[in-house]
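A.B. asks: Structure incoming, see below.
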Amino acid sequence: MNLIKSIAELEQYISALKAENKTIGFVPTMGALHDGHLQLVRRAVAENDVAVVSVFVNPTQFNDKNDLAKYPRTLEADAALLESVGCAAVFAPVAEEFYTEEELNTTFQFDFAGLDEVMEGKFRPGHFNGVVQVVSKLFRLVKPNRAYFGEKDFQQLAIIRHMVRSMQFDIEIVGCPIVREESGLARSSRNTLLTEDQRALAANIHAVLKESTSFYSMTTVKELHDATIAAINRHEGLEVEYYDIVNGDTLQSIEKWDDADYVVGCITVYCGSVRLIDNIRFK
């Protein structure tokens, strides 16, 4: 497996693949890999000639410097995991190599068509500017045929699809189902920051969401919304930051269940100081 740290080396590697007409499957990550990431990579390996993974903690998508500082960085372990599932190359630059000084210090401008004004975008201003900045630059460098993203980051996936259409990238975006721990907790790099007790506590997030799908049609959207927040907050140590029940295509909140054919509940919960996201599909 190739471990690539410079843009020049990456460009050389990709040019050689393109000269041989190899198809490239790409998985952009921030490292601290878990089985959710590895499922994306396995799929990229299976569906393409070559799988390339980036491991880069992108500073421009963190609006909280403390969050950036404590984000786990485990490149050596990540590289071993990636090699074990058949990844051909890992691109792991440092920020100073990846971005110019101007890029690092200027907010990336993009027309999100309102997709960034809700949920994560409302609570993490500038976050998606950084996401689009890093992913669009990685797409230009890696030139993949397909790129793989987890559905846990539901809003991010919608924004990436919009970005691909808007910037006219000839790339197939493949959304992959949430991978969960045995308890139901959505796998996340942030789970490594949880104690064992907190991990067990955080499993209640999915438990409450999953239970709500069994009776949602018998209640109003607002009643279910409020009951879900109350049920999670009832557990000491969990605090809901937001819960939005939205049209899965537009990400706009719905008022009635028949407002959309595709309805998803998207939630962010603090477990202690660790911020966890999850979602559930109603229909």
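The values are calculated or read from the model by the stated rules, or taken from the named source; none is laboratory data. Keep in mind it's a predicted model, so treat the numbers as computed, not measured. Please note: Cβ atoms are built from the backbone with ideal geometry, for glycine as well, and neighbour counts cover all protein chains shown.
A.B. asks: Among the residues of the stretch 250-272, what is the count of those that are farther than 19 Å from A158 by Cα and either touching a residue at least 40 places away in the same chain (Cβ under 8 Å) or in contact with a Pro (Cβ under 7 Å, 6 or more places away or on another chain) (or both)?
C.D. replies: 4
A.B. asks: Could you tell me whether any residue of the stretch 12-27 is among the hydroxyl-bearing types (S, T, Y), assigned to a strand (DSSP E or B) and touching a strand residue (DSSP E or B) at 6+ places or on another chain (Cβ under 7 Å)? Break it down stepwise before answering.
C.D. replies: Applying the first criterion (among the hydroxyl-bearing types (S, T, Y)) to the stretch 12-27 yields 13, 15, 23.
If we keep only those that are assigned to a strand (DSSP E or B) as well, we get none.
Within the stretch 12-27, none of the residues are among the hydroxyl-bearing types (S, T, Y), assigned to a strand (DSSP E or B) and touching a strand residue (DSSP E or B) at 6+ places or on another chain (Cβ under 7 Å).
A.B. asks: Okay, next question. How many residues does the stretch 196-215 hold that are of a type in the set (S, T, Y) and surrounded by 19 or more Cβ atoms within 10 Å (Cβ to Cβ)?
C.D. replies: Of the residues in the stretch 196-215, the ones of a type in the set (S, T, Y) are 212-214.
Of the ones still in play, those that are also surrounded by 19 or more Cβ atoms within 10 Å (Cβ to Cβ) are 212.
The qualifying residues number 1.
A.B. asks: A further question on this structure: Only one of (1) buried (at least 18 other Cβ atoms within 10 Å of the Cβ); (2) modelled with pLDDT under 95; (3) among the polar types (S, T, N, Q) fails for T250. Which number is that?
C.D. replies: Condition not satisfied by T250: (1).
A.B. asks: Among the residues of the stretch 231-240, is there at least one that is farther than 27 Å from H34 by Cα, among the hydrophobic types (A, V, I, L, M, F, W, C) and either touching a Leu at 6+ places or on another chain (Cβ under 6 Å) or surrounded by fewer than 20 Cβ atoms within 10 Å (Cβ to Cβ) (or both)?
C.D. replies: So far as the stretch 231-240 goes, yes, one or more of its residues are farther than 27 Å from H34 by Cα, among the hydrophobic types (A, V, I, L, M, F, W, C) and either touching a Leu at 6+ places or on another chain (Cβ under 6 Å) or surrounded by fewer than 20 Cβ atoms within 10 Å (Cβ to Cβ) (or both).
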